[in-house]
Amino acid sequence: MSEVQRPAGTVASVMTEERMFPPPAEFSARARIGSLEDYRRLYDAAKNDPEGFWGERAAALPWTTPYTKVLDWHPPAAKWFVGGRLNASAACLDRHLAAGKGEKTALVWVGEPTGERREYTYRQLHAEVCRVAAGLRKLGIKPGEVVSIYMPMTPELVIAMLACARIGAVHSVIFGGFSSEAIADRNQDAGAVAVITADGGWRRGSSLPLKKNVDIAVEKSPTVRHVVVLKRTGQAVEMVAGRDIWWHDLIEGMPTDTAPEPMDSEAPLFILYTSGSTGKPKGIKHTTAGYVLWAQTTSEWVFDLRDDDLFWCTADCGWITGHSYVTYGPLAAGASLLIYEGAPNAPHEGRFWEIIEAEKPTIFYTAPTAIRSFMKWGMEHIEGRDLSSLRLLGTVGEGINPEAWIWYHEVIGGKRCPIVDTWWQTETGGIMMSPLPGCTPTKPGSCTLPLPGVVPEIVDAAGAPVTPGHGGWLVMTQPWPGMLRGIWGDDERFVETYWSKVPGKYLAGDNARQDKDGYYWIMGRIDDVLNVAGHRLSTIEIESALVSHPSVAEAAAVGRPHDVKGEAVAVFVTLRGGVPTDGLKDALRKHVRQQIGALAAPDDIHFAATLPKTRSGKIMRRLLRDIAAGRETVGDTTTLEDYTVLATLRGNDE
Ligand code: WT7
């Protein structure tokens, strides 16, 4: 295999896990899918007759024009529900009002500053979305135009997404932790015509300068005509006349019954940028009908949503998890959502448990990196808290180590809650592999089995299925409604990245293996992508940021194991001259923070005279990964151009 392949040894502990946890009988008794036979029946139906299966499920969507064909599949181009028209915000709101559920709680929001709390019924949420939609229409934003959203995790973020959807505008949510450079890149790539932001956002008691970042970005975003600003923190901001408008002024006097724009099934609903193995983030494109159906159906299956549930997904809407399991999935399913604005340790490390005690969510969905932080912060923040409202737990973003799984099960779940370890990606639109909590026996560290409609295969580099028990590339052999429809503005890269290495199949970019029970175990990425705290970062993006600093000649970024974040960013840097100083390390960290955002700031910086390269000049990251992790180099070094480089690098280790 190529040099960028992760050594299989990094998942060794996971691979020896033998424990099995059957779903509790009382959970299964009430579950939507309560037995493996039911699961298999659904699975086989979806596999053998995808059109019949999905056609049946799509019937409940609020079509304004019926579709003529369920699926039109010319790999890699999929069209689901061809010719149909509907509106995603109507699927999340209007249809529940029509069904008499207007007074049901749609959203409970807890602010980071203690004591701040708001609640919206479906009727109230619908009204707010309508007002913002009308305001955006009045600004002249047209169906198909792109609106960037750069906001803190407030109800208005969800409202902004749905308001865009309502007028047929394509939203591109940019995580509030990203820098002005990152906003400018995304505005330019998408041709965004407007940005919706806030004056600032709370993060651990201090405020982030969101509007200021947007101001800098918009100077470099010639397509942006309008900036809408929510007053959140009350900090001073500059308002540019003719361009900027306050959110409260935008919605002043606007109607609460704005008609939804009927959109084609395949009209883009949103773009979400994610890191790939090149320097430029990819704008992953999702469309309307298939995406909403996938988000809703997977929410119902995996979280077993019932009418009396309160669902807390801790993800920010800046990530795909916040799109599919905060906004679209649970709302399309008519569920009640809980969202929290701030950090889990603000103002103290027991904040989540305090919120659970007060709000009584029944389902809690978070990331392994958060769970490892909770473990580290200690039992004193949890003991004495009443977590008995919880009936189901979930994880997403990276594999969960069995130790954290067991801790989650025992301490947070009180041994009574099933855990759903959900494998999926920005590209897949929704969960692909996961236990169904009422029927799938779980094994700590495995995402278990594919959902109905998902047909995975594990193949070698020649595209041939590997023998069971062996690792290989994870591919999908059939289309599914929530799949990405392209990379914004770059069809070639779409084909190249996902569809060319194993022709006709979707290449997920992860290694995986199947065990004797057919369970899937994800073994990490096959490309140069790091997974830091459950978020994908491209090594090349970090390297490009570093070499744009005047002192840096060359840089290589790799991941090393980190007990909380999963992976930490380690960089190896050669300088243009001069002596490395501690001041320079701080300067480089700050530089990456400015270029990309705090998530990408390197944890370790190693200065080196040269980097290990192959004779053809490729940096041997595999060796750097070993050094960064403090491991002996086990792999083949015969292609290394200069052996002394390794010894020198080890000598430089700090
Ligand atoms: C990559 C996708 C899906 C939303 C959050 C991340 C890794 C994700 C799991 C899991 C093992 C996982 C994969 C995947 N990943 N969930 N349950 N077990 N690995 O979305 O940023 O698009 O990243 O995250 O490597 O390819 P993303």
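Going by the alpha-carbon gyration tensor, a ≥ b ≥ c the square roots of its eigenvalues, is segment 239-290 rounded (a/c under 1.5) or, if a/c is not under 1.5, prolate (a/b greater than b/c) versus oblate?
oblate
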Exercise for the section: Only Lys, Arg, Asp and Glu count, each charged at its Cβ (+1, +1, -1, -1), so figure out the dipole size of segment 86-285 about its Cα centre, rounded to 20 debye. Expected result: 220 debye
Problem - Given charges at Cβ of Lys, Arg, Asp, Glu: segment 250-369 dipole, positive-most of 276, 329, 311 - result: 276
Practice task
Just add up the charged neighbours of residue 233: K/R +1, D/E -1, any other residue whose Cβ is under 14 Å from the Cβ of residue 233.
Solution key: +1
Practice task
Just add up the charged neighbours of residue 376: K/R +1, D/E -1, any other residue whose Cβ is under 13 Å from the Cβ of residue 376.
Solution key: -2
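Fully extended, how many nm does the chain gain between residue 216 and residue 51 (0.36 nm per residue separation, minus their Cα-Cα distance)?
On the way: separation 165, 0.36 × 165 = 59.40 nm, distance 4.79 nm.
Length gained, residue 216 through residue 51: 54.6 nm.
Under the definition of Cα pairs under 8 Å and six or more residues apart, what whole-number percent is the relative contact order of the chain? Write out the running numbers ahead of the final one.
Values: 1429 pairs, mean separation 93.1, N = 654.
That works out to 14 percent.
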Practice task
Hey, can you grab everything whose amide H is under 5 Å from the amide H of residue 453? Only 5+ residues off in sequence or another chain; H modelled, so Pro and N-termini drop out.
Solution key: 46, 47
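Of all DSSP beta bridges located in the chain, what percent are antiparallel, nearest 5?
60 percent
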Handout entry: Backbone HN-Hα couplings from phi across segment 398-411 [Karplus 6.51/-1.76/1.60, Hz, Gly and Pro as x]
Key = 6, x, 9, 6, x, 4, 5, 4, 5, 4, 4, 4, 7, 7
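For each pair in 104/505; 212/282; 69/138, compute the distance between the two Cα atoms and list the pairs where it is over 32 Å.
Where the Cα-Cα span goes over 32 Å, the pairs concerned are 104/505; 69/138.
For segment 265-364, which chymotrypsin sites (Phe, Trp or Tyr not before Pro) are in a loop by DSSP, counting at most 10 other Cβ atoms within 10 Å? Before the final figure, lay out each step's value.
On the way: sites: 270, 273, 291, 294, 301, 303, 311, 312, 319, 325, 328, 340, 352, 353, 364; in loops: 303, 319.
Passing sites in segment 265-364 do not exist.
Could you give the semi-axes, largest first, of the ellipsoid that matches segment 217-375, computed as the square roots of 5 times the alpha carbon gyration tensor eigenvalues and rounded to whole Å? Don't jump to the answer; show the numbers that get you there.
Values: eigenvalues 171, 108, 79 Å².
Square roots of five times the eigenvalues give 29, 23, 20 Å.
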Problem - Segment residue 259-residue 564, length gained on full extension (0.36 nm per residue, minus Cα span) - result: 105.2 nm
Completion exercise
Interchain or sequence-distant (5+) residues whose placed amide H lies within less than 5 Å of the amide H of residue 466 are 458, 459, 460
Handout entry: Calculated P(r) tail over 37 Å for the chain, as whole % of Cα pairs
Key = 34 percent
Exercise for the section: Note down the net charge around residue 389, summing +1 for each Lys or Arg and -1 for each Asp or Glu among other residues with Cβ under 12 Å from its Cβ. Expected result: -1
Exercise for the section: State, as an integer percentage, the relative contact order of segment 86-285 based on alpha-carbon contacts under 8 Å between residues 6 or more apart. Expected result: 23 percent
Handout entry: Dipole axis of the chain (+1 Lys, Arg; -1 Asp, Glu on Cβ), positive-most option in 614, 114, 158
Key = 158
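About the Cα centre of the chain, how large is the charge dipole given +1 on each Lys and Arg Cβ and -1 on each Asp and Glu Cβ? Please answer in debye to the nearest 20. Don't jump to the answer; show the numbers that get you there.
Details: 68 positive and 79 negative charges, 131 e Å.
Roughly 620 debye for the chain.
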Handout entry: FRET efficiency for residue 98 and residue 618, using Cβ-Cβ distance with R0 set to 41 Å, rounded to 0.05
Key = 0.10
Completion exercise
The answer for residue 259, listing residues at least 5 apart or on another chain whose modeled amide H is closer than 5 Å to its amide H, is none
Exercise for the section: Take the Cβ-Cβ distance between residue 248 and residue 358 as r, set R0 to 41 Å, and report the resulting FRET efficiency rounded to the nearest 0.05. Expected result: 0.90
Handout entry: Helix-only mean residue ellipticity at 222 nm for the chain, each DSSP H run of n ≥ 4 adding -39500 (n - 2.57), per residue, nearest 500
Key = -8000 deg cm²/dmol
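Please report, in debye to the nearest 20, how large the charge dipole of segment 529-637 is about its Cα centre when each Lys and Arg carries +1 at its beta carbon and each Asp and Glu carries -1 there. Working shown, then result.
Details: 15 positive and 12 negative charges, 50 e Å.
Rounded to the nearest 20 debye, it is 240 debye.
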Exercise for the section: Taking just the C-alpha trace of segment 170-241, give me its Rg and Dmax in Å. Expected result: 11.6, 34
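Nearest 0.05, what FRET efficiency do residue 345 and residue 403 give at R0 = 25 Å with Cβ-Cβ as r? Show your work: numbers first, answer last.
Working: r = 21 Å, r/R0 = 0.84.
Given R0 = 25 Å and the Cβ-Cβ separation, E is 0.75.
Here, each number is a calculation from the coordinates, and none is a lab measurement. None of the values given here were measured: they were computed from a predicted structure. Virtual Cβ from ideal backbone geometry, glycine too; neighbours counted across all protein chains shown.
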